[in-house]
Amino acid sequence: MKILADQNMPLVEEFFSELGDVERFDGRTLTSEALAEADILLTRSVTQVDEKLLAGVEKLQFVGTATIGVDHIDTALLEQKNIGFSSAPGCNAIAVAEYVISALLAYVQETGQAIKDKTVAIVGVGNIGACLEKKLAALGVNVILCDPIRFKQGSLPEHQSIDTVLAQADIVTFHVPLIKEGEHKTVHLLNASRIQSLKPNMVIINASRGDVIDNQALLDAKLAGQPLELILDVWENEPNILKPLLEHTRYASVHIAGHTLEGKARGTQMLYEAVCQHFGLQAGKTIRDFLPTPAVTDCRLSDTFDDSDVISLVHLVYDIRRDDGILRAKLDHAGFDALRKSYPVRREFSTITVNNGGEWKAQLSELGFTIKRG
């Protein structure tokens, strides 16, 4: 079989080489001609798998996207053409949640505030939102939830409307899929009107899709002097982002919130398992077979360990300010996509084993750190 895989997807050769010949492609420039001889397409969010791309494509048997969202995939068309399909729901939930935790702890550290004094609204309580809720609870944060779809389905016990949570929260973080029309449309969910109504110094985090927030309205509000704190990983019109907005953003990054080594590898593993199932093959590989040992693996806490040291421990693994600095230093000459492609290795909290957590064991475990047993 011929397997076409996005150039930014890790471990494809390791997982798929025994199934066929792997060929890499640039996710933004894939053509139907390049796809003509492929049996399997493995992609990410930057590739639109639609009628134009699939025009004249006859051999393709399976499409997989190593992402949670599927707004870039015409799933109805794939079904019509009898092409198998799988996404990777939940693969990067831990990574995105840890991105938000790192950002919030950096913010309170810089501003001299206490995270426990904050109310955080999570808009979108799927795999990522639910994971983030648990980590925020471990920090003692008051959390309010907004997800009308899951509330209607009965999978979310409590829910407040978007306008209610925006009025109550000090911080709002978006983790919704991109829905372009209908009752639960999320395009410009945070629009000009809602932006104008936000309380002073509201912290806005977007690590979902750029179109969820009206970026021009956000810039207009900042230029008008509205005091807002912005933490943006995703942007409208990527890779051609609204650069003036960058100047008004506390922490900015290039759509990499979910890009831990573990998160990306989980996505590849999930597609490998889906491909094996589709073709009736035995899936015998996991990410544990391939992930390298991290630079730091163990930590021993002293008796003086306190809340401020939790911040240090989190940032020992990942500090969002690294990615913010890279973006600001290199965007103009390297470009958005090149920075994504060359994103430095990032690991998850679980790669650190705490040897003597004491009274902190439960909290650090809920945050995601590994606690040594015994």
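The values are calculated or read from the model by the stated rules, or taken from the named source; none is laboratory data. Nothing here was measured: the structure is a model prediction, and the numbers come from that model. Note: ideal-geometry Cβ built from the backbone for every residue, glycine included; neighbour counts use all protein chains shown.
Could you tell me whether Gln80 is surrounded by fewer than 17 Cβ atoms within 10 Å (Cβ to Cβ), of a type outside the set (Phe, Trp, Tyr) and in contact with a helix residue (DSSP H, G or I) (Cβ under 8 Å, 6 or more places away or on another chain)?
Working: surrounded by fewer than 17 Cβ atoms within 10 Å (Cβ to Cβ): yes; of a type outside the set (Phe, Trp, Tyr): yes; in contact with a helix residue (DSSP H, G or I) (Cβ under 8 Å, 6 or more places away or on another chain): no.
No, not satisfied.
Does Val212 satisfy the condition of being assigned by TED's automatic domain parsing to the domain that holds Leu136, in contact with a Lys or Arg (Cβ under 8 Å, 6 or more places away or on another chain), at pLDDT 95 or above and crowded, with 22+ Cβ neighbours inside 10 Å? Lay out the reasoning, then the answer.
Details: assigned by TED's automatic domain parsing to the domain that holds Leu136: yes; in contact with a Lys or Arg (Cβ under 8 Å, 6 or more places away or on another chain): no; at pLDDT 95 or above: yes; crowded, with 22+ Cβ neighbours inside 10 Å: yes.
No: the conditions fail for Val212.
For region 228-249, name all the residues that are under 19 Å from Asp319 (Cβ atoms) and surrounded by 20 or more Cβ atoms within 10 Å (Cβ to Cβ).
Across region 228-249, the qualifying residues are Leu230, Ile231, Leu232, Asp233, Thr249.
Here are some conditions: (1) under 30 Å from Asn8 (Cβ atoms); (2) without any contact (Cβ under 8 Å) to a residue 60 or more places away in the chain; (3) not in a loop (DSSP other than H, G, I, E, B). Arg321 meets all but one. Which one does it not meet?
(2)
Within region 187-202, can you find the residues that are without any contact (Cβ under 8 Å) to a residue 40 or more places away in the chain and in a loop (DSSP other than H, G, I, E, B)?
Quick first cut of region 187-202, residues without any contact (Cβ under 8 Å) to a residue 40 or more places away in the chain only: 187-188, 190-202.
Once the filter is applied, which keeps residues that are without any contact (Cβ under 8 Å) to a residue 40 or more places away in the chain and in a loop (DSSP other than H, G, I, E, B), region 187-202 yields Val187, His188, Asn191, Ser197, Leu198, Lys199, Pro200, Asn201.
Results for (1) modelled with pLDDT of 95 or more; (2) over 20 Å from Pro89 (Cα atoms); (3) touching a strand residue (DSSP E or B) at 6+ places or on another chain (Cβ under 7 Å), shown as yes or no for each residue.
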position	(1), (2), (3)
Phe151	yes, no, no
His159	no, yes, yes
Asp163	yes, yes, no
Gln168	yes, yes, yes
Phe174	yes, no, yes
Pro177	no, no, no
Thr186	yes, no, no
Ser193	yes, yes, no
Ala224	yes, yes, no
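For Ser197, indicate whether it is modelled with pLDDT of 95 or more, out of contact with any helix residue (DSSP H, G or I) (no Cβ under 8 Å at 6 or more places or on another chain), farther than 24 Å from Thr47 by Cα and not assigned by TED's automatic domain parsing to the domain that holds Leu327.
no
Does any residue in region 12-28 that is at pLDDT 95 or above come within less than 6 Å, Cβ to Cβ, of a residue that is aromatic (Phe, Trp, Tyr) six or more places away or on a different chain, and which pairs are these?
Every condition considered, the pairs that remain are Glu14/Phe290; Phe15/Tyr272; Val22/Phe16.
From the list Ala137, Ala106, which one is in a helix (DSSP H, G or I), surrounded by fewer than 17 Cβ atoms within 10 Å (Cβ to Cβ) and among the hydrophobic types (A, V, I, L, M, F, W, C)?
Ala137
When the residues of region 16-59 are narrowed to those that are part of a loop (DSSP other than H, G, I, E, B) and touching a Leu at 6+ places or on another chain (Cβ under 6 Å), which ends up surrounded by the most Cβ atoms within 10 Å (Cβ to Cβ)?
Applying the filter and picking the extreme gives Ala38.
Does region 209-219 include one or more residues that are assigned to a loop (DSSP other than H, G, I, E, B) and over 17 Å from the mean Cα position of the chain (by Cα)?
yes
For region 292-318, give me the residue count where each residue is part of a helix (DSSP H, G or I), of a type in the set (Gly, Ala, Ser) and modelled with pLDDT under 95.
1
For residues that are of a type outside the set (S, T, N, Q) and under 16 Å from Val143 (Cα atoms), tally how many sit in region 154-186. Let's see the steps before the verdict.
Going residue by residue through region 154-186, those that are of a type outside the set (S, T, N, Q) are 154, 156-159, 162-163, 165-167, 169-172, 174-185.
Those still in the list that are under 16 Å from Val143 (Cα atoms) too: 156-159, 162-163, 165-167, 169-172, 174-175.
The qualifying residues number 15.
Evaluate region 59-80: report whether one residue or more is among the β-branched types (Val, Ile, Thr), over 20 Å from Gln282 (Cα atoms) and out of contact with any strand residue (DSSP E or B) (no Cβ under 9 Å at 6 or more places or on another chain).
From region 59-80, those among the β-branched types (Val, Ile, Thr) are 63, 65, 67-68, 70, 73, 75; that's our starting set.
Add one more test, that the residue is over 20 Å from Gln282 (Cα atoms), and what stays is 65, 67-68, 70, 73, 75.
Still in the running and out of contact with any strand residue (DSSP E or B) (no Cβ under 9 Å at 6 or more places or on another chain): 68.
Yes, because at least one residue in region 59-80 is among the β-branched types (Val, Ile, Thr), over 20 Å from Gln282 (Cα atoms) and out of contact with any strand residue (DSSP E or B) (no Cβ under 9 Å at 6 or more places or on another chain).
Does at least one position in region 263-277 carry a residue that is of a type in the set (Asp, Glu), within 20 Å of Asp6 (Cβ to Cβ) and under 13 Å from the mean Cα position of the chain (by Cα)?
no
Quick one: is Val143 over 19 Å from the mean Cα position of the chain (by Cα) and closer than 19 Å to Ala257 by Cβ?
Judged against the criteria, Val143 is a match.
Among the residues of region 299-317, write down those that are buried (at least 19 other Cβ atoms within 10 Å of the Cβ) and under 22 Å from the mean Cα position of the chain (by Cα).
Hits for region 299-317 are Ile311, Leu313, Val314, Val317.
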